[in-house]
Amino acid sequence: MRLLPVLFLTALTLSLAACQKKEDPAALAAQVALEYYNQLLQGNIEAWVDGHYQPDSIPAEYRSQLIVNARMFMNQQRREHQGIHEVRIVNAKANPAQHTANVFMLFVYGDSTNEETLVPMIENKGVWYMR
């Protein structure tokens, strides 16, 4: 079950790359980051956690703690800002030589405030992950 979101995002990454002959790595990283955050907004916290780069497998207990932390973050956003209603891409810059990108995203909150945040990304074996 844990592999399903990863397989989905792998397929998304590969299909986006196939559709556009010379895809801008920054644009691709931004689209994948947006999809990870959309998963978070839809309540699929496990997919969001699995979207973080882990060079090795992590213990189940640690993964559970990451999921609990993400739930606490979302609850805090609901209390303080009436939740995150939308996430938008503002800008993205990639370093293809190092397989990294910085994606700047805008959180649109329910209380009509906005916050820009940086999402560092890393590409590993053709798949973009959050760092």
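Normalised by the number of residues in the stretch 63-117, the average gap of Cα pairs under 8 Å and 6 or more apart makes the relative contact order 29 percent. Distance between the pseudo-spin-label points of Q76 and S112 (7 Å out from Cα toward the beta carbon): 2.6 nm.
Accessible surface calculations at 1.4 Å, restricted to protein heavy atoms, place the stretch 30-130 at 56 Å² per residue. With all pairs of separate Cα atoms included, the stretch 39-131 yields a Kirkwood hydrodynamic radius of 14.5 Å. Taking a label point 7 Å from the Cα of D24 along the Cα→Cβ vector, which residues of the stretch 99-116 have an amide N closer than 15 Å to it? Backbone N within reach: 101-105.
The values are calculated or read from the model by the stated rules, or taken from the named source; none is laboratory data. Keep in mind that what you see is a predicted model, and the values were worked out from it rather than measured. Don't worry about glycine lacking a Cβ; one is built from the backbone with ideal geometry, like all the others, and counts go over all protein chains shown. What goes into the accessible areas is simple: the full protein's heavy atoms, side chains included, and nothing from ligands, DNA or RNA. Shrake-Rupley method; radii C 1.70, N 1.55, O 1.52, S 1.80 Å.
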